[in-house]
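Comments concern the structure below.
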Amino acid sequence: AEQSPSAGISNVKGWHSDGDLLEWQEPGIKTLRQRINDGLSEMLEKTRNPARTLDMRAKVRAWANVARHGAYNAIHNHTPALYSDVYYVTLGDRPVDDPASRSGLIEFVDPEPGMMLIFPSWLLHTVHPYDGTTPRISVAFNLHIKDGGVSG
């Protein structure tokens, strides 16, 4: 976040990296890449998605988000991706004086550190303004599928 400007997109008052995160050489990216691949493979299998059996080219683009006090993500979706995902590196902190606070929560689920959410890309979602004092860091990605045709 200190080395490049935010890409913006739906991120308001926070930082959004370019979509090349999985190409970064920082420690942990290889492990994250494998976890993403495993999660997507499991999702395609469990949902019996036809994409799992097609001769296809898959592309995963990922980016990092850093939310500091007051930052949030406006309502958005990730079309035309097939699936989207968010992995919570850290949740930062939530106000201890307000247990009902929605600070930094993604609208359709309350995440936990280490949790990976995979959801249909067309699903509208938002992240509420974050009120903590330590950074809240997440990694989001989209799976794009191009059908290479079915060989016969």
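The values are calculated or read from the model by the stated rules, or taken from the named source; none is laboratory data. Note that the coordinates shown come from a computational prediction; the quantities given were computed from them, not determined experimentally. Cβ placement follows ideal geometry from the backbone for every residue including glycine, while neighbour counts extend to all protein chains displayed. Quick note on the areas: whole protein, heavy atoms, side chains included, nothing else; ligands and nucleic acids left out. Shrake-Rupley method; radii C 1.70, N 1.55, O 1.52, S 1.80 Å.
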Quick test for you: out of Ala67, Ala62, pick the one residue that is in contact with a helix residue (DSSP H, G or I) (Cβ under 6 Å, 6 or more places away or on another chain) and within 28 Å of Ser103 (Cβ to Cβ).
Ala62
Of those in segment 43-73 that are among the charged types (D, E, K, R), modelled with pLDDT under 85 and over 16 Å from the mean Cα position of the chain (by Cα), the residue most open to solvent (accessible area, probe 1.4 Å) is Arg48
If a residue has to be open to solvent by 70 Å² or more (accessible area, probe 1.4 Å) and touching a helix residue (DSSP H, G or I) at 6+ places or on another chain (Cβ under 8 Å) to count, how many in segment 24-40 make the cut?
1
Of the conditions (1) out of contact with any strand residue (DSSP E or B) (no Cβ under 9 Å at 6 or more places or on another chain); (2) open to solvent by less than 40 Å² (accessible area, probe 1.4 Å); (3) not hydrophobic (A, V, I, L, M, F, W, C), the single one that Asp97 does not satisfy is (2)
Going by what's in this entry, would Gly104 be described as more than 18 Å from Ala7 (Cα to Cα) and open to solvent by less than 30 Å² (accessible area, probe 1.4 Å)?
yes
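I need the full set of residues from segment 77-117 which are in a strand (DSSP E or B) and more than 24 Å from Ala51 (Cα to Cα), in order please.
Hits for segment 77-117 are Tyr88, Val89, Thr90, Ile106, Val109.
Could you identify the single residue in Tyr87, Tyr83, Tyr72 that is touching a residue at least 40 places away in the same chain (Cβ under 8 Å) and out of contact with any helix residue (DSSP H, G or I) (no Cβ under 8 Å at 6 or more places or on another chain)? Working first, answer last.
Values: Tyr87 fails: out of contact with any helix residue (DSSP H, G or I) (no Cβ under 8 Å at 6 or more places or on another chain); Tyr83 fails: out of contact with any helix residue (DSSP H, G or I) (no Cβ under 8 Å at 6 or more places or on another chain).
Going through Tyr87, Tyr83, Tyr72 in turn, the sole match is Tyr72.
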